[in-house]
Amino acid sequence: MTLKLNNKIVTKYTKSSEYLSNTVFGDAEISITAGSGIAQSFLPDDILFSIPYHEIPNFPTTSVEGHAGDLLLININGVKAMVFSGRFHLYEGIEVSETVSQIIVSYLLGLRNHIITNAAGALNEAYLPGDLMLISDTLNFTSRDLSSVFDSINFRQNISKQEKNLGIYKKLNAILTTIGINLKFGVYAAVIGPNYETRSEIRMFRRLGADAVGMSTVLELATADILEMNTIACSLITNTAKEIPQLVTHQEVMDLALKSRLDVREFIFAATKLLIR
Ligand code: HPA
């Protein structure tokens, strides 16, 4: 028995996917979730088309600075990618189903390949601002789950994707090394936020085996996994989460995302090639 998407959620987001299927987005081959400041990685010539989220029936809109709330059609070396510029976070006080709606709408549109990007703080001392970290596995500290999104209760084996992700990591790292990008690999822990972590939390997450911490991605990835979509997830390290007194600001995160945009673009292009061709 496979887990089924809840009927009400399917009805709601079929309105979104049907609307999109009758537009240029119906030609997309892959979908991408662009985290904080990450959509600015695309060059003006990459962008084929754009609509604001509020034009899409039943689709949420976002309130966070740096998350524009636009759906972009991007040309990635001839592959058409539907890019969600702006994601939905639990800290906005919304439903779990809304935070994973980008995955659900992509799935209902018939897409089976998805790239997730986010901004994260490094817990691993070897990881520095500007590094890209392919997500090997996740830790869920949001105390939320997908029981409202999927209907049938099923004690499904939670197969670790670490091995599969290691294969993806090796291939992507081989490509990116040739252009001077040294890809990292590690465990991403998610919290609700919107506050950044205390020093004690940072110490705890480190001891529990997390390499980076952020406020998204874990439930999105789990949804895509249950729907058996092929996913690649990557964190842009925007700051180090240190146990010494420090102040992390949203502006710092956004500034780093701007600085690293060309590396992020290279990563997205390489990951798309790996998934599609
Ligand atoms: N903590 C949580 N979320 C984040 C961080 C962080 O240090 N940096 C970017 N997003």
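The values are calculated or read from the model by the stated rules, or taken from the named source; none is laboratory data. Fair warning: this is a prediction, and the values are worked out from it, not measured in the lab. Note: ideal-geometry Cβ built from the backbone for every residue, glycine included; neighbour counts use all protein chains shown. For accessibility, only protein heavy atoms count, side chains too; no ligands or nucleic acids. Shrake-Rupley method; radii C 1.70, N 1.55, O 1.52, S 1.80 Å.
Note on region 1-120: enclosed helices (runs of 4 or more DSSP H) holding 3 or more residues that are open to solvent by less than 10 Å² (accessible area, probe 1.4 Å) are 7-21, 101-108. Of the listed requirements (1) surrounded by 15 or more Cβ atoms within 10 Å (Cβ to Cβ); (2) touching a residue at least 40 places away in the same chain (Cβ under 8 Å), Asp145 misses just one: (1).
What about Asn124, is it touching a residue at least 40 places away in the same chain (Cβ under 8 Å), open to solvent by 30 Å² or more (accessible area, probe 1.4 Å), more than 16 Å from the ligand (Cβ to nearest atom) and part of a loop (DSSP other than H, G, I, E, B)?
When the stated conditions are applied, Asn124 does not pass them.
For (1) on the phi > 0 side of the Ramachandran plot; (2) surrounded by fewer than 21 Cβ atoms within 10 Å (Cβ to Cβ); (3) among the small types (Gly, Ala, Ser), each residue gets a yes or a no:
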{"site": "Ile179", "(1), (2), (3)": "no, yes, no"}
{"site": "Ile192", "(1), (2), (3)": "no, yes, no"}
{"site": "Leu208", "(1), (2), (3)": "no, yes, no"}
{"site": "Met229", "(1), (2), (3)": "no, yes, no"}
{"site": "Ile232", "(1), (2), (3)": "no, no, no"}
{"site": "Ser235", "(1), (2), (3)": "no, no, yes"}
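Being surrounded by fewer than 19 Cβ atoms within 10 Å (Cβ to Cβ), assigned to a loop (DSSP other than H, G, I, E, B) and of a type outside the set (Gly, Ala, Ser) is a condition met by at least one residue of region 248-263.
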